[in-house]
Amino acid sequence: MADFSLAGDPAVAAAVERELRLLDPEVRRSPGLVDALLHPGFHEIGASGRLWDRPSVIASLAAETGAGAPVAVSGMRGVRLAPDLVHLTFDTEHDGRRAHRSSLWRRAAGEWLLYFHQGTPSAPEGS
């Protein structure tokens with residue numbers, strides 16, 4: 001994994017570690033592992049514009065097939081917005097598709113859980 005150098009804030013580091021887990025194809029295909037990373041109130045605006053809730057994301061990820069090419073992550077940035085809230089932004093490239101991404105991680109019962117995610121398609125560099 002890349003070193004994202006996020007100013008040493010342990011809350012940001014925890015959110016980054018968990019975000020990267022969610023991008024791991026093995027984790028994505030395991031409903032139990034995904035469930036453990038999502039806040040009960042999780043929702044997402046996908047890169048397609050589709051609105052997703054927690055159950056639909058878990059089911060969709062579990063249905064992914066194949067070995068799963070790794071997702072390339074770049075530009076990871078994080079900031080703690082409040083004691084129990086971290087905002088991450090980063091870019092991904094997967095299967096020829098690029099996206100700008102934004103995630104909000106909330107600490108609940110001592111665990112950092114993904115509360116909100118949005119992906120926005122982006123053009124390849126140099127376009």
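The values are calculated or read from the model by the stated rules, or taken from the named source; none is laboratory data. Because the structure is a prediction, the values reported are computed rather than measured. As a convention, Cβ positions derive from the backbone with ideal geometry for all residues, glycine included, and neighbour counts pool all protein chains shown.
This table checks each residue for (1) touching a residue at least 40 places away in the same chain (Cβ under 8 Å); (2) of a type in the set (D, E, K, R); (3) touching a Lys or Arg at 6+ places or on another chain (Cβ under 9 Å).
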| site | (1), (2), (3) |
| --- | --- |
| Asp9 | yes, yes, yes |
| Ser30 | no, no, no |
| Arg50 | no, yes, no |
| Pro55 | no, no, no |
| Arg77 | yes, yes, no |
| Thr89 | no, no, yes |
(request) Could you grab me the full set of residues in region 3-17 that are modelled with pLDDT of 95 or more and within 13 Å of Val73 (Cβ to Cβ)? (result) Val16, Glu17
(request) Tell me, yes or no, whether region 54-68 has at least one residue that is of a type in the set (Val, Ile, Thr) and out of contact with any Asp or Glu (no Cβ under 9 Å at 6 or more places or on another chain). (result) yes
(message) I want to confirm something. Restricting to region 20-69 and keeping residues that are polar (S, T, N, Q) and assigned to a loop (DSSP other than H, G, I, E, B), which single residue is farthest from Arg106 (Cα to Cα)?
(response) Thr65
